[in-house]
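Peer 1: Just dropping this structure here.
Just so it is clear, none of the values below were taken in a lab; they were calculated from the coordinates. Note that the structure is a prediction, hence the values are computed from the model and not measured. Here Cβ is always computed from backbone atoms with ideal geometry, including for glycine, and neighbour counts include all displayed protein chains.
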Ligand code: FES
């Protein structure tokens, strides 16, 4: 079977993902590192190999003042990790903990069924960061 050319790859991605997923993949918000983060959460999926790190800067009154992510993974992994940062920035830890994978998926329009686990991974990374923070209190 012949390899796909660039145009075929772009067509494939456009047919597979919502406009929002493609936008967040091509222009991710809050990507990067917080060097003086209060806490960092990490999650990975051993099946697909994708990895996410969520950096949180948390104020004394438990507001997420800043949030960034680093993701090594698929189109949906990048889009979901970026979207979750947008959903929780400026929120309290309690509000952030209430975010479910369905909220991330809905904010991105939709995800193909085989990519729903990418939204789970973003929630897992966020919750691990928050749990880590709580253990220090
Ligand atoms: Fe596994 Fe996207 S394919 S996180």
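Peer 1: So what is log10(I(q)/I(0)) for segment 1-83 at q = 0.14, 0.20, 0.26 1/Å, when the Debye sum runs over its Cα atoms only?
Peer 2: Relative scattering, expressed as log10 I(q)/I(0), comes to -0.58, -0.94, -1.19.
Peer 1: Where does the chain land at 222 nm, in deg cm²/dmol rounded to the nearest 500, when only DSSP H runs of n ≥ 4 count, each adding -39500 (n - 2.57), divided by all residues?
Peer 2: After summing the helix terms and dividing by the residues of the chain, the value is -14500 deg cm²/dmol.
Peer 1: Taking 0.36 nm per residue of sequence separation and subtracting the Cα-Cα distance, how much length would be gained by fully extending the chain between residue 23 and residue 127, in nm to one decimal?
Peer 2: 35.0 nm
Peer 1: If r is the Cβ-Cβ distance from residue 31 to residue 94 and R0 is 22 Å, what FRET efficiency results, to the nearest 0.05?
Peer 2: 0.30
Peer 1: Does anyone have the angle between helix 6-16 and the longest principal axis of the chain? Alpha-carbon axes, 0 to 90°, nearest 10?
Peer 2: 60
Peer 1: State the three equivalent ellipsoid semi-axes of segment 19-136, derived from the C-alpha gyration tensor as the square roots of 5 times its eigenvalues, in descending order and whole Å.
Peer 2: They are 22, 14, 13 Å, listed largest first.
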